[in-house]
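Taking it in order: structure first as structure tokens, then the write-up.
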Amino acid sequence: MRPASSLVVSVVGLPALVAAFGSHAHAVRANQLQQRQAPPPSGSSPASTPALLAPSSSPPPAAPPPSTNSAPGTPATPGTAPPTGPSTVSPTASGPPVVGGSSVTSAPVIVTPTTIYSFSLVSTNPTAVPLSQIVSNAVSSATRPLDTTVTPGSVPTFLPGAPPLPNPATLVPASYPPLDRIPPTDSPEVQQWIAEVQKTGIQIPDIPQNLPGGCPANLQAAQDPNRCWWTCTGCTRPSDVTDCPAPMQWGLTYDDGPAFYTSNLLNYLDQEKLKSTFFVVGSRVISFPNILQTQYMGQHQIAVHTWSHPTLTTLSNNEIIAELGWSKKVIKDVLGVTPNMMRPPFGDIDDRVRAISIAMGLTPVIWTRINQTQTFDTDDFNIHSGITPVGKVLQNWELILSNATQRKNGFIVLEHDLFQESVEVATGYILPDGIAHKFTIQPVITCLNKPLTDAYIELNDNRTNPPPAQQSAVVTLSSGAPGSVQATGKPNSGTAGTRMPFGTTLSLAVATTLTGALASFALLV
């Protein structure tokens, strides 16, 4: 049950955790953690720039009037900043400021700027974690056991023709590449996949690898429309899935798992009878095969999110093949079937990455983008690092919502199940609010009006749902036919780069105190 009354909240955003480090090295690492694929305009800060800006044709939504309703743990007086610690500088009623009880006669009063994030939710989960507790240094909560147990050899009867489930206990991690690292390309498996790609006859465009650092580090590439680099131009091809065809359809997706708190998300989805698409990382599948089998047997769609979560446009052709191939292989080893959809980490895709993906039987799925800087990204990933406050994530959601309800088509939102915080904001706030707005919430394959069997290579009906390499509207694989680019604006001049190595981000999930977080960051410098 969810309350019917609206919840109007103003949340005070504290300075980002990494801002307190005062170290250039830490700031650089924080910048790498922050990266999404619609970077903020140059000169704006992560904490003040929404992942989705209000449409240029209408002003930003006004802050709601003061209300007695507030999320549990929200400051009683919106806009009042909490103390910043024992060395806070504060003025006295008469006389100079006092620092830690000592009189100061010359130092000026320093007021730390804060940001107020206002949003209005139609519905929330009555068991939601209070917003004040969804923070980067929160103590880890207990993970919920999987509600259902999957027995090896079980047959997924909801997928006609699907084989029995393999036994995950037979997985030998040593038979796979090192976790969270780009796989070597000289293994027999990768050499076989390279040969298979060549046999498809699909032309791989001769596009140079990008340098790490996103658009600013690759200005020529960012300005080249023939590459169709989504990151910097918003360019898409007919082969890309970026939204759902019907209005009020929400293609529900979660990236980067399976992980410790995926079971909590699955419990809520089961409770609400919702299904999702999970873009899973091969290295996480090795670590959590039982969770993957539970997702699959729960009739959620499983799709590829690479082996180690790199920025694909910075890799060689063979490295991209290795990233996608190992992810496909480990999923099949755990489920018995192979996905035919993929999401590039960070949405980092150009025509070279597209061509390789299509040659490997994988349709690219990104998320909805309105223009150069407006994407349906909640930025929930960055709660864990302390870069994005939960109030900002919910403000992003409200801006997404205001656009989604006006669209002629449905939409796809970027969310994550890697960290506790992103799962808590999803199950406590975003999903209940989406349900209350009467969206049709479905996996991507379902919102495309295709049966779940069409999500897997071995079960796909090639007659009615031909593989991407056989579709007539497939991506232009030459170096760009005139008029084929669907760019939405000039190359973005904002900050761009790569997120922290994926295995390191997972290790931060267990850093539950400020001391632990600082120690983890120190190890990365």
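Ignoring ligands, DNA and RNA, what percent of the accessible area of segment 195-256 is carbon or sulfur (1.4 Å)?
Details: 1360 of 2610 Å².
Answer for segment 195-256 is 52 percent, counting heavy atoms of protein chains only.
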Please list, in chain and number order, the residues 5+ apart from M342 or on another chain whose amide H is under 5 Å from its amide H, with Hs placed from the backbone. V304, T363, V365
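Decide, for segment 239-328, between rounded, prolate and oblate: order the square roots of the alpha carbon gyration tensor eigenvalues as a ≥ b ≥ c, take rounded if a/c falls under 1.5, and otherwise choose prolate if a/b is larger than b/c, else oblate.
Values: a/c = 2.66, a/b = 1.32, b/c = 2.01.
Oblate.
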List the residues, sorted by chain then number, that are 5 or more residues from T115 or on another chain and whose placed amide H is less than 5 Å from its amide H. G13
Once you treat every alpha carbon in segment 366-458 as an equal point and sum by Debye, what is log10 I(q)/I(0) at q = 0.21 Å⁻¹? -1.13
Leaving out same-chain residues fewer than 8 places away, which lysines sit with a Cα under 20 Å from that of K328? K199
Can you list residues from other chains, or at least 5 along the same chain, whose modelled amide H is less than 5 Å from the amide H of H416? D255
For segment 185-248, what does the alpha-carbon gyration tensor say about shape, rounded, prolate or oblate, given a ≥ b ≥ c as the root eigenvalues, a/c under 1.5 as rounded, and a/b over b/c as prolate? oblate
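Could you state the orientation-averaged shadow area of the convex hull built on the Cα atoms of segment 170-326, in nm² to one decimal?
Here the figure is 11.8 nm², rounded to one decimal.
Quick check on packing: order 124-132, 351-359, 324-332 by the mean number of other C-beta atoms within 10 Å, highest mean leading. Please report the intermediate quantities before stating the final value.
Numbers: 124-132: 17.4, 351-359: 26.2, 324-332: 23.7.
Order by mean packing, descending: 351-359, 324-332, 124-132.
Using per-residue counts of other Cβ atoms within 10 Å, averaged over each peptide, order 419-429, 190-200, 442-452 from highest down. Working shown, then result.
On the way: 419-429: 25.8, 190-200: 15.1, 442-452: 20.6.
Put in order of decreasing packing, that is 419-429, 442-452, 190-200.
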Quick check on packing: order 431-439, 455-463 by the mean number of other C-beta atoms within 10 Å, highest mean leading. 431-439, 455-463
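Can you divide the C-alpha Rg of segment 117-230 by 2.2 N^0.38 Å and report the result to two decimal places?
Values: Rg = 23.6 Å, N = 114, 2.2 N^0.38 = 13.3 Å.
Cα-based Rg divided by the globular estimate yields 1.78.
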Quick check: Cα centre of segment 274-298 to Cα centre of segment 142-202, how many Å? 11 Å
Rounded to the nearest 10 Å², what accessible area does R343 show when all protein chains are kept and the probe is 1.4 Å? 0 Å²
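The values are calculated or read from the model by the stated rules, or taken from the named source; none is laboratory data. Everything numeric here is computed off the predicted structure, so don't read it as measured data. Note: ideal-geometry Cβ built from the backbone for every residue, glycine included; neighbour counts use all protein chains shown. Accessible surface areas use protein heavy atoms only, side chains included; no ligands, DNA or RNA. Shrake-Rupley method; radii C 1.70, N 1.55, O 1.52, S 1.80 Å.
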